[in-house]
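First comes the structure, then the notes that go with it.
The values are calculated or read from the model by the stated rules, or taken from the named source; none is laboratory data. From a predicted model like this one, the values you see are computed outputs, not experimental measurements. With ideal geometry, Cβ positions are generated from the backbone for all residues, glycine too; neighbour counts draw on all protein chains shown.
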Amino acid sequence: LAFERDGFVWTVRADGLNEHRLARGANPAWAPSGKRIAFDRDGLVVTLRWYGGDPRVAAQGTKPAYAPDGRHFATASMDKTFKLWDAGTFRLLKVVDRRRAPTHATGVNRLLWLAEPERLVTAADDRQVLQWKVDFGKQNA
């Protein structure tokens, strides 16, 4: 399990034992493989191996969310966009904003992948929850 406390990302076993402080950051998200964890720090998404190692600055944005297949992740942004990234190369694949598709009127602050890897749900302060088919970057709901 991963959580944030006092400005740091922590991990702990499911039985509550072996609590470990990983790094300064917030909004931790595990890769489906369980081998990497992503979190945001100062407007950037950082990833690292759960057992330590050098952190990798992966992307601009906040609140990372891995796709169920682990091949991609998304980041939220207060500039009313969300971005899609390749989880292996950290290459930016797509930016979804109001110029490209009808999206949120305020900053995106939550992301959730559905069981199907190409379906992403976004939520924002505009009180909208939108579902996207990521393959085409088009809103489905």
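Matching residues to (1) under 14 Å from the mean Cα position of the chain (by Cα); (2) farther than 26 Å from P32 by Cβ; (3) touching a residue at least 12 places away in the same chain (Cβ under 8 Å):
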| site | (1), (2), (3) |
| --- | --- |
| F82 | yes, no, yes |
| A87 | yes, no, yes |
| P102 | no, yes, yes |
| V108 | yes, no, yes |
| E116 | no, no, yes |
| L120 | yes, no, yes |
| D126 | no, yes, yes |
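Of the residues in segment 51-76, how many are modelled with pLDDT of 85 or more, part of a loop (DSSP other than H, G, I, E, B) and within 11 Å of the chain's Cα centre (by Cα)? Residues in segment 51-76 being modelled with pLDDT of 85 or more, part of a loop (DSSP other than H, G, I, E, B) and within 11 Å of the chain's Cα centre (by Cα): 1 in total. Would you be able to say whether some residue in segment 26-42 is at pLDDT below 85, among the hydroxyl-bearing types (S, T, Y) and assigned to a loop (DSSP other than H, G, I, E, B)? Looking through segment 26-42, none of the residues is at pLDDT below 85, among the hydroxyl-bearing types (S, T, Y) and assigned to a loop (DSSP other than H, G, I, E, B).
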